[in-house]
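Data block below; observations after.
Readers should treat all values here as calculations from the given coordinates under stated rules, not as data from a laboratory. What you are looking at is a predicted structure, and each value in this text was computed from that prediction instead of being measured. Glycine gets a Cβ as well: all are built from the backbone with ideal geometry, and neighbour counts include every protein chain shown.
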Amino acid sequence: MEITLEQIDLLRKRANVGYKEAKEALEKCGGNIVEALAFLEEENKLKPERNCCGQSSFFQKTKNIFGKINRIGFIISRDEKTIVNVPLTIPLLLTILALPLTVALLLLALFTGCKIRFRNSSGEECSINKNIENITDTVNNFTSKMAQEIKKA
């Protein structure tokens, strides 16, 4: 079956792909546009729709970012007991709105021996937790040394 320019243009608009990808998909699917769309979807070649300026909408990008951040949990615990377990968006918004308060609360948590952890939606630990553990250990060592120095004095 011969693939026409009209078919390619239609698939390009629907799937937001280039001429080459549209033509190859149509050839593999015998000119069937619906099958070509399904093929492109299976191959993860569909691209998000773009607005008149050629950019994805700001709202959609923001929604995607918040969706990803919202799947990460922010956990503060002490002695294996969870004190705070909220989506990461809450501490980030608190940081934006009240930076000094957030810094003070984080320092308070560190100096009182609390652990700060991040977990993704599947419950797995995030890689940043190793860095946070190092900082927590450094703070705990510092507070222990200061307490010993105060006792000596």
- Rounded to the nearest 20 debye, dipole of the chain from Cβ charges on Lys, Arg, Asp, Glu: 820 debye
- By the mean-Cβ-within-10 Å protection proxy, highest first, 124-131, 68-75 rank as 68-75, 124-131
- Message: Using only the alpha-carbon atoms, how far is helix 99-111 inclined from the longest principal axis of the chain? Give it as 0 to 90 degrees, nearest 10.
- Response: 60 degrees
- Message: Cross-link candidates for Lys20: which lysines have Cα within less than 17 Å, leaving aside residues fewer than 8 places away along the same chain?
- Response: Lys28, Lys45, Lys47
- If one takes the longest principal axis of the Cα atoms in the chain, at what angle in degrees, from 0 to 90 and to the nearest 10, does the Cα axis of helix 58-70 lie? 50 degrees
- Message: With n ≥ 4 as the cut-off for DSSP H runs, can you work out [θ] at 222 nm for the chain, using -39500 (n - 2.57) per run divided by the number of residues, rounded to the nearest 500?
- Response: -19000 deg cm²/dmol
- Note on the structure: Taking Cα atoms only, helix 19-28 is inclined relative to the longest principal axis of the chain by an angle, in degrees rounded to 10, of 70 degrees
- Taking amide H positions as placed 1.01 Å from N in the peptide plane, with prolines and chain starts having none, which residues 5 or more places from Ile83, or on another chain, fall under 5 Å of its amide H? Ile76, Ser77, Arg78
- Message: If you build the convex hull over the alpha carbons only and average its shadow over all orientations, what do you get for the range 48-145? Give it in nm² to one decimal.
- Response: 8.2 nm²
- Message: Cut-off 10 angstrom, C-alpha nodes, Gaussian network model of the chain. Which of Lys63, Lys115, Lys13 fluctuates the most?
- Response: Lys13
